[in-house]
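Beneath this line is the structure, given in structure tokens, with notes to follow.
Only the coordinates and a few stated rules stand behind these numbers; no lab work does. The structure presented is a predicted model; accordingly, all values stated were derived computationally and were not measured. Neighbour counts are summed over all protein chains in view; Cβ atoms, including those assigned to glycine, are modelled from backbone coordinates with ideal geometry.
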Amino acid sequence: GNSVTQMEGPVTLSEEAFLTINCTYTATGYPSLFWYVQYPGEGLQLLLKATKADDKGSNKGFEATYRKETTSFHLEKGSVQVSDSAVYFCALSDGGATNKLIFGTGTLLAVQP
Amino acid sequence: DSGVTQTPKHLITATGQRVTLRCSPRSGDLSVYWYQQSLDQGLQFLIQYYNGEERAKGNILERFSAQQFPDLHSELNLSSLELGDSALYFCASSVTRESNSPLHFGNGTRLTVT
């Protein structure tokens with residue numbers, strides 16, 4: 001079945017460091033790919049998405065490119081801030097007649113001043 | 001604020017009991033989803049409704065049931081509760097059921113079974 005694999009956390013970085021969180025997927029067909037972010041005590045918020053191969057999703061300085069050849073959707077940011085500290089989830093939508101999202105396990109990012 | 005409202009925020013109950021979690025979707029959203037988040041299982045999809053009809057079922061136990069009402073709010077019923085049911089339960093909504101329609105999540109209901 002469809003699945004998402006994320007790099008294990010926690011990831012601890014200093015402010016202004018470069019961030020990469022790896023995400024790979026297994027899916028039949030052409031799923032849409034998403035990154036969601038969860039701040040403490042809150043629900044998940046959509047960070048960015050890509051719906052087809054080679055699409056780049058971007059938002060708030062974060063970027064991810066849909067790579068069909070490597071089945072990856074790695075999240076990157078050039079310079080992280082303390083306010084970026086949160087749990088990041090990679091997800092795919094398995095399409096068809098539903099919009100069910102399959103999530104990775106989440107990666108905790110802690111940014112230190 | 002996502003526009004999705006979940007009540008209650010916290011629920012503490014005993015094993016064997018039954019509880020009902022409530023979700024009001026964002027205005028205009030027809031599709032509602034329920035997810036369970038726990039430390040050992042991560043985020044697990046439970047069930048999806050679209051305009052009152054069940055559309056997809058995930059890892060939902062037979063002790064659990066859900067429905068979506070004509071006003072589009074949804075309820076998740078959990079019965080014969082066990083300690084392992086302790087988790088954060090999220091509701092999400094989207095405009096359509098199409099695969100690139102983003103989900104908007106509520107802040108969740110934290111269920112503790114003692």
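Identify, please: which residue in the range A:31-76 is surrounded by fewer than 13 Cβ atoms within 10 Å (Cβ to Cβ) and within 14 Å of chain B (Cβ to nearest Cβ) and is, among those, nearest to B:GLY106 (Cα to Cα)?
It comes out as A:GLY41.
Out of all the residues in the range B:60-106, which are within 11 Å of the chain's Cα centre (by Cα), surrounded by fewer than 21 Cβ atoms within 10 Å (Cβ to Cβ) and within 14 Å of chain A (Cβ to nearest Cβ)?
Once the filter is applied, which keeps residues that are within 11 Å of the chain's Cα centre (by Cα), surrounded by fewer than 21 Cβ atoms within 10 Å (Cβ to Cβ) and within 14 Å of chain A (Cβ to nearest Cβ), the range B:60-106 yields B:ILE60, B:LEU88.
Consider A:SER85 against the criteria (1) over 12 Å from the mean Cα position of the chain (by Cα); (2) without any contact (Cβ under 8 Å) to a residue 24 or more places away in the chain: it satisfies all of them except one. Which criterion is unmet?
The one condition A:SER85 does not meet is (2).
Name the residue, out of B:LEU46, B:LEU21, B:LEU39, that is more than 16 Å from A:SER93 (Cα to Cα), of a type in the set (A, V, I, L, M, F, W, C) and within 11 Å of chain A (Cβ to nearest Cβ).
Values: B:LEU46 fails: more than 16 Å from A:SER93 (Cα to Cα); B:LEU21 fails: within 11 Å of chain A (Cβ to nearest Cβ).
After ruling out the rest, the residue left standing is B:LEU39.
Which of the residues belonging to the range A:1-28 are more than 10 Å from the chain's Cα centre (by Cα), more than 13 Å from A:PHE103 (Cα to Cα) and among the hydrophobic types (A, V, I, L, M, F, W, C)?
A:VAL11, A:LEU13, A:ALA17, A:PHE18, A:LEU19
Does the range A:29-36 contain at least one residue that is under 11 Å from the mean Cα position of the chain (by Cα) and not hydrophobic (A, V, I, L, M, F, W, C)?
yes
Can you confirm whether the range A:77-90 contains a residue that is under 23 Å from A:GLY1 (Cα atoms) and either of a type in the set (A, V, I, L, M) or more than 14 Å from chain B (Cβ to nearest Cβ) (or both)? Full working, then the answer.
First pass over the range A:77-90, keeping only residues under 23 Å from A:GLY1 (Cα atoms): A:88-90.
Restricting the remaining residues to those that are either of a type in the set (A, V, I, L, M) or more than 14 Å from chain B (Cβ to nearest Cβ) (or both) gives none.
There is no residue in the range A:77-90 that is under 23 Å from A:GLY1 (Cα atoms) and either of a type in the set (A, V, I, L, M) or more than 14 Å from chain B (Cβ to nearest Cβ) (or both).
How do the strands (runs of 3 or more DSSP E) wholly within chain B filter down when requiring 2 or more residues that are without any contact (Cβ under 8 Å) to a residue 24 or more places away in the chain: which remain?
Working: elements: B:5-7, B:10-13, B:19-24, B:31-38, B:42-50, B:53-57, B:64-68, B:74-78, B:87-94, B:109-113.
Once the strands (runs of 3 or more DSSP E) in chain B are filtered for at least 2 residues that are without any contact (Cβ under 8 Å) to a residue 24 or more places away in the chain, what remains is B:42-50, B:53-57, B:64-68.
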